[in-house]
Amino acid sequence: MHDLSRRALIAGALVLPSGVHAASAAPVAKTTNGPVRGHIDQGIKVFKGVRYGADTGPRRFRPPLAPTPWTKALDATAYGPSAPQGGRDDERQSEDCLFLNVWTPGLLDGGKRPVMVYLHGGAYSSGSGSSPLYAGV
């Protein structure tokens with residue numbers, strides 16, 4: 001496995017929600033970097049665009065850094081931008097693209113569940129985690 005992919009996988013694993021359910025209908029999960037607020041889709045708690053690394057723009061092709069921690073719940077209801085690539089005018093793209101998406105049936109309910117991690121293909125020229133093909137519901 002490519003070193004950057006391994007680091008991203010490890011960083012992403014540290015961010016999976018272990019959080020709390022807010023009093024409102026929107027679920028809030030605690031991450032190692034700060035809380036994120038998602039939404040519920042067909043009974044599944046969904047957190048999209050969860051930052052797991054700092055902006056890569058100033059450090060292109062260098063190992064990722066941890067993001068700056070936050071204290072206020074960040075909106076995690078929309079996909080983060082994909083990495084820049086040609087021919088993809090239909091989605092947001094940015095050098096700042098270290099985001100992941102999490103779907104879970106429960107938070108803090110004591111449930112032990114398998115975890116599936118999917119790294120899209122594309123030979124570093126196409127693809128992203130924001131494709132509807134990879135939706136977890």
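Of the residues Phe61, Phe99, the single one that is among the aromatic types (Phe, Trp, Tyr) and open to solvent by 70 Å² or more (accessible area, probe 1.4 Å) is Phe61.
Asp109 falls short on exactly one of the conditions (1) touching a Phe, Trp or Tyr at 6+ places or on another chain (Cβ under 8 Å); (2) loosely packed, with under 15 Cβ neighbours inside 10 Å; (3) closer than 18 Å to Val28 by Cβ, and that condition is (1). The set of residues in region 79-94 that are open to solvent by 60 Å² or more (accessible area, probe 1.4 Å) and either touching a residue at least 60 places away in the same chain (Cβ under 8 Å) or in a loop (DSSP other than H, G, I, E, B) (or both) comprises Pro84, Gly86, Gly87, Arg88, Asp89, Asp90, Arg92.
The values are calculated or read from the model by the stated rules, or taken from the named source; none is laboratory data. Only a predicted model underlies this, so the values are computations on that prediction, with no experimental measurement involved. As a convention, Cβ positions derive from the backbone with ideal geometry for all residues, glycine included, and neighbour counts pool all protein chains shown. We work out accessible area using only protein heavy atoms, side chains counted, and drop any ligands, DNA or RNA first. Shrake-Rupley method; radii C 1.70, N 1.55, O 1.52, S 1.80 Å.
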